[in-house]
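Step one of this worksheet: look at the structure below.
Throughout, read-outs are computed from the coordinates displayed, never taken from laboratory work. Since we're looking at a predicted model, the values are computed, not measured. Positions of Cβ are generated from backbone atoms using ideal geometry, with glycine treated the same way; all protein chains shown enter the neighbour counts.
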């Protein structure tokens, strides 16, 4: 059976585009929606505001493991355990490619053998310095340059980076979607390659129907409850896309995208959420987590849903007009509300291409 996957587009950016990354992503949004994700590589002139001495943050290790749901099934359930099996963590699952990884999982016996996720998270920690100079990229800056800025500081202060750690080869990040279906960006600091599988939002309903036909108690798709073998997606003609993320590369996930990944070796990465206007326009913001039955204790999720009354349509439209005008003119536009209070500034790159297909690569 032919595969229904291909690798997401890869864009290489320069220093000027790095300084205005939200605008670059906004320009590529249609491609981002189609594939569910894009990969961004940096040329040699890009400057990152990274800490010279990385202090290892305390992290919350995930006491979870995956279990094969049925012998002939291609779906793995994520179960919480009382304590982590130290022997299983130290066990070395040597993998060289995705075939090795999925073969090792398929050999698990239904309900009798488990595999630790072997991951941990450190919310509100970052290996990036908070810089004021735009010459050095700082991941903290992205939510404040996105449409989230309209809501003000009380909302923005909730958007902080989260460090992810893979503790060894074959560490597993199960299927998730960004909190409240926001956009998300992930930077790979160092360590083994990350193998991603992303399902665009356009495939979400079809994917859910296929899972419902399995007559399994799966529950929520958004909060790390399952891991899905891509053979199931191929078998049911569900379109999905792959990414191999190396160190010093970004992966950007579109609003509503479902994503899962595994690592070739131990690694450090971090992510932060942000929003583009389509998050509101395409009704992603209205997908309330209050409808989810998951008992979420992970601090990386927002404690409260964002109040959409903080995003009046007039300010959303001003943001859109500002972004489009700035991209076309290469200038910064300052928007003001009726009381002449500064709302936001959107500086842009002067030499960013407006042709959304320029710079695309489909290499791994």
> Between residue 70 and residue 157, what is the FRET efficiency for a Förster distance of 51 Å, r being their Cβ-Cβ separation, to the nearest 0.05?
Replying inline: 0.70
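What shape does the stretch 188-269 take by its C-alpha gyration tensor, where a ≥ b ≥ c are the square roots of the eigenvalues and a/c under 1.5 counts as rounded, a/b above b/c as prolate, and the rest as oblate?
Prolate.
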>> Need the full-extension length gain, residue 43 to residue 131, defined as separation in residues times 0.36 nm minus the C-alpha distance. One decimal, nm.
In response: 29.6 nm
> In nm, what is the difference between 0.36 nm times the number of residues separating residue 34 and residue 63 and their Cα-Cα distance?
Replying inline: 7.0 nm
